[in-house]
Structure formats: C-alpha cells, structure tokens
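For reference, the structure discussed in these notes is given below.
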Amino acid sequence: MAAGDLLGLSILDGGSVPPSILAAVFALLIFLIIFLTKLMGYFKILLNIVTFTYPNAFVSVKGNPCIQERELNRLIESGSVTDVLALLKGYGFAIDIGDYATMEEIDRGLEEYYQRECSEIERMVPDSVQPFFRVFCMLQETEVLKAVIRLKHAAMDPQEMELLLSPVGILSQPLLRKMVDARNVDELIRLLQPTVYGPPLLSALPDATVEQTTLPFEHTLDRFVGEQLRSSLSQSDVLQTPALMDFVMFYFDITNIKIVLRGLRDGLEMDVLAHYLLPAGHHLTPDVLKRMSETRSVQDTLAHLQHTPYFDAFDSAMVVYEKSGSLQPFEAALDRALLDAVIRLSLVYHFGPACLIKYLVAKKFELQNIRAIVWGIQNRIAPETMRALLIREGGAA
C-alpha cells in the first residue's frame, strides 16, 4: 500500500488524530457556521432592500407635492378650478375631471384616482408585505361602504347614488349596483354576507336599528379594519414588522381619539363608545383609553392627552373649537399628527415599506387638500380660511 494511502487511513482513524487537531477542526467548523449564518442574515437584509428599491423609487419620483406649502399656495392663488386642474396635471395627477365638473364629479374623480394609486402600490409591493397592503387598501373599501350605507339610510334615489360611487377592491361594479338597488339598509347588509365585511356589519345591525343611525355600522367597520391591520403584521416578514407596527400603533392612537371625540359629539354612552375603540396604540394605553371613553367633555379628553405627542396639536385646536363648536379643527390637527408620524417613519425605515405607507397616507391628504381648495374657490372662500383647512408637511396650518 502506498505511503499516502496509509497517511489517509491514519487521519480517518479518530483514535490516531491528535486532540489539538480535532479541536482546531471543530473550532473552524463553528466559525464557518457562524459566518455563514451571519452572511445569510445580511443577505436577507440586502435582498429585502433590493425588493423595495423599485416601489420606493416609484413613489419617490411621483412624490406628494400637494402637502408642500409652496405648491398649495400656487393652487390657492390660481383663482379658478380650471387653473387648479392644469396645475395638478403638471404635478402628475392623472385625475379625470372636466373643467366644469360639479363637486360630486370632482369627489368621484379624486376617489377613483386614489383607488388606482392604492391598487398600483398593492400590486408592486414585495410578497413579504402583501398582507399588510391588502388590508391597507381595505381602508378605502370601508370608506365606500360607509358612503353607500349613509346614502341608503337617507333614502337617496338609486340613480343618484350610483353617480357618487366608484368600485374599489372587492366592491365591484356589479356588487355596488346590487347595493344601490337594495330596498333598505337591512337588505344591503345581507347582500354583503359573502364578503369579509358581512359578518361584522350584521352584528351591528341590531344597534343601528335601535338607534336609527348609521354610526354603529361605521364604528364597526373602523374596528374591523383596525383588527385586520394588526393581524396582517403576523403574516408579514419579520424584518418589515417594526415599520408596519409603528404605523399601525400611530393609526390606532389617532383613530381612537377621533372615535372618542365623535362619541362625545353624538352623545354615545360610555359602554357603547368603549366597544367601538380600536386596540391600544403607541401612547394611549388601555387605561388611558378607558378614562377617555368616560369623559363627558372635550376639555376632559384633552386632559388625558397630556404627556403624549398629540397634546400640543389638540391644545392649539381648542381655541377654534370653543368659537365654532366644530370638531373639524381637532380632526385636522390629528391628521397633521398622522402625516408627521409617517414622514418620520419613512426617514427611520428608509429601505422598507415605510416610504410606501408615507406616500399613500400623504396622497390621501393631498386629495383632501385639493378638494378643500376647489370647494373654496367655487364658494369664494378667503385664502386664509382655505389654508386653515389644509393638511401640510410641517404640522401646523
């Protein structure tokens, strides 16, 4: 037998290998395993960055010009709806609105545009966050549902209703037509039973029947989608969960404050109001939410927001509220707080889904601003009054 073969056999024989060599080989294997594990971790992070490169670049190029001070001033000072629409085309808004459109036609055009934006982002996001963005698009579906229920409750003519509504997501044109043609709200709710919205809306039907309002349906939809948002986090990639979780928690806080304010306005009982609240968010713990739901005045609600980021915005709106009695200043301040939150998140989680969330949230506020400006121009509202209604980057109006 050759000398090399004898050496090979001696190495394979464990008893003949010195312990120091075995220890060195073992240490090398451990090092390789740790190195490869870390390398795979870095590779996964890099892969996630790459998968978000195109969608993030897409929204970065499109931007959100109509939350910027300069662009909003240009729209306000344009002086006519025709000039506003021309400026919007220059900003890249593909909105199908004629120069002499009615406010209803403008509303529908803006809604259809936003629905297209949501659907486009949902299609291009990586699979790792698809569940979250599917639920995010449900926020728009619930807005359409609320509108259908309100209009049916008001007994609006079906033909007029159809002109105001646009299909979105699972609310297809055939389903919308059936809902519009329903004899009453009860029949409309039963038409929705095959959809995800059917069971929660059916559970709200007894309260809505007793109260003779649509509020139980609206609050139930808010809570349902909030719960779906939270559930979507467990279905998303763990690397993206921090950004998604931060947004959801801010959304819960701000939505809960709005629910409490509207409950005070509508005189809801404490136990009813508590039933409609979303889960606790970033700064409003379950205990704080409970105390807020027990308040009987806006001033008392404000007291519970001390030591939270929402207090200053809320406090500055109090003066306007005391003069007008309208919740609009509070809701505008809370919308600005949400916009500021998603802008911060897009800076912290720059290579993940936060930029897409910021784009869609800001886009919603852009369209809200455009509507306010068009309405203001049509009704010859003073520019300063219009500016107070706008949601802009940077917070205060």
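Only one of ARG291, ARG296 is open to solvent by 30 Å² or more (accessible area, probe 1.4 Å), touching a residue at least 12 places away in the same chain (Cβ under 8 Å) and under 27 Å from THR214 (Cβ atoms). Can you tell me which?
None of the others qualify; the one that does is ARG296.
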Discussion item. If I go through the range 113-129 residue by residue, how many of them are surrounded by 16 or more Cβ atoms within 10 Å (Cβ to Cβ) and part of a helix (DSSP H, G or I)?
Written reply: 9
Worksheet item: Looking at this structure, is ILE149 of a type outside the set (Gly, Ala, Ser), crowded, with 21+ Cβ neighbours inside 10 Å and within 22 Å of THR220 (Cα to Cα)?
Response: yes
Discussion item. For the range 232-248, give me each residue that is of a type outside the set (A, V, I, L, M), in contact with a helix residue (DSSP H, G or I) (Cβ under 6 Å, 6 or more places away or on another chain) and in contact (Cβ under 8 Å) with a residue 24 or more places away in the chain.
Written reply: SER232, GLN235, SER236, ASP237, GLN240, ASP246, PHE247
Practice prompt. For the range 98-112, name all the residues that are free of Cβ contacts under 8 Å to residues at least 60 places away in the same chain and open to solvent by less than 20 Å² (accessible area, probe 1.4 Å).
Written response: ALA101, GLY109
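Listed here are the residues, each with its yes/no results for (1) in a loop (DSSP other than H, G, I, E, B); (2) farther than 30 Å from VAL129 by Cα; (3) among the β-branched types (Val, Ile, Thr); (4) touching a residue at least 12 places away in the same chain (Cβ under 8 Å).
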site	(1), (2), (3), (4)
LEU163	no, yes, no, yes
SER166	yes, no, no, yes
VAL180	no, yes, yes, yes
LEU188	no, yes, no, yes
ALA208	no, yes, no, yes
PRO216	no, yes, no, yes
THR220	no, no, yes, yes
PHE224	no, no, no, yes
ARG230	no, no, no, yes
Worksheet item: Are there any pairs, at least 6 apart or on different chains, whose C-beta atoms fall under 6 Å, with the first in the range 249-276 and free of Cβ contacts under 8 Å to residues at least 40 places away in the same chain and in a helix (DSSP H, G or I) and the second surrounded by 18 or more Cβ atoms within 10 Å (Cβ to Cβ) and among the hydroxyl-bearing types (Ser, Thr, Tyr), and if so, which?
Response: MET270/SER293; LEU273/SER293; ALA274/SER293
Worksheet item: So which residues in the range 50-94 are outside any helix (DSSP H, G or I) and either over 14 Å from ALA362 (Cβ atoms) or open to solvent by 40 Å² or more (accessible area, probe 1.4 Å) (or both)?
Response: GLN68, SER78, GLY79, SER80, TYR91, GLY92, ALA94
Worksheet, complete the sentence: Out of (1) more than 24 Å from ALA388 (Cα to Cα); (2) modelled with pLDDT of 85 or more; (3) surrounded by 15 or more Cβ atoms within 10 Å (Cβ to Cβ); (4) not aromatic (Phe, Trp, Tyr), the one HIS275 does not meet is (2)
Fill in: Exclusive hit being closer than 30 Å to GLY198 by Cα and modelled with pLDDT under 90, set ARG108, ARG123
ARG108
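If a residue counts only when it is of a type in the set (Phe, Trp, Tyr) and at pLDDT below 90, which helices (runs of 4 or more DSSP H) contained entirely in the range 286-375 have at least 2 such residues?
On the way: elements: 286-293, 298-303, 311-324, 328-348.
Answer list for the range 286-375: 311-324.
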Worksheet item: Restricted to the range 190-201, and to residues that are assigned to a helix (DSSP H, G or I) and open to solvent by 60 Å² or more (accessible area, probe 1.4 Å), which residue is farthest from VAL135 (Cα to Cα)?
Response: ARG190
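The values are calculated or read from the model by the stated rules, or taken from the named source; none is laboratory data. All figures in this text were calculated on a predicted structure; none of them were measured in a lab. Methodologically, a virtual Cβ is constructed for each residue, glycine included, from the backbone with ideal geometry; neighbour enumeration extends over all protein chains shown. Ligands, DNA and RNA are stripped out before the accessible areas are found, and what is left, the full protein with its side chains, is counted by its heavy atoms. Shrake-Rupley method; radii C 1.70, N 1.55, O 1.52, S 1.80 Å.
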